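So the structure is just underneath, and the comments pick up after that.
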Amino acid sequence: MMDTNIQTIYQKTIDFAAEKHGKQKMPNGLPYIVHLSNVAMEVFMAHKQKPDFNLEIAIQLALLHDVLEDTALSFKALEDDFGNVVAVLQKINIGYESVYERDSILNFNKGILISETIKDNKK
């Protein structure tokens, strides 16, 4: 994704995630996209507190964090739409065995983001 306007990135990514997750629901019955939006809000709040990571990539990761695991989307299709960095980091995300392990790499409240790759790509 080449656009750096955060609103445009957010809208494209949430639309994509909503389409891919379809009618998937949260345990409380709400559409799954509500969960993804809540995760993205945590990223925005973390960036406001400590803006030392690439917000554009972090928002995409937040909104797409379950797309490879919970949908039929292929790695190649994700890479085609969102680029190699986002696709690879999503693939790494599903390699963890527990929610705690997965969420620990997304510890946005402390401003830490998945890997140094994110900081290296900050423009």
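The values are calculated or read from the model by the stated rules, or taken from the named source; none is laboratory data. Just so it is clear, the structure is predicted and the values come from calculations on it, not from any experiment. Note that each Cβ is placed from the backbone with ideal geometry, even for glycine, and that neighbours are counted across all protein chains shown.
Comparison of 70, 103 shows that the only residue that is modelled with pLDDT of 55 or more and either among the charged types (D, E, K, R) or closer than 23 Å to residue 18 by Cα (or both) is 70.
Only residues that are loosely packed, with under 13 Cβ neighbours inside 10 Å and either among the β-branched types (Val, Ile, Thr) or farther than 19 Å from residue 89 by Cβ (or both): list them for the stretch 1-10, please. Matches in the stretch 1-10: 4, 5, 7, 8. Applying a threshold of 8 Å to beta carbon distances and a minimum spacing of six or more residues, or different chains, the list of pairs starting in the stretch 55-82 at a residue that is touching a residue at least 12 places away in the same chain (Cβ under 8 Å) and ending at one that is in a loop (DSSP other than H, G, I, E, B) and of a type in the set (Ser, Thr, Tyr) reads 56/4. In this structure, residue 97 does not satisfy being acidic (Asp, Glu) and modelled with pLDDT of 50 or more.
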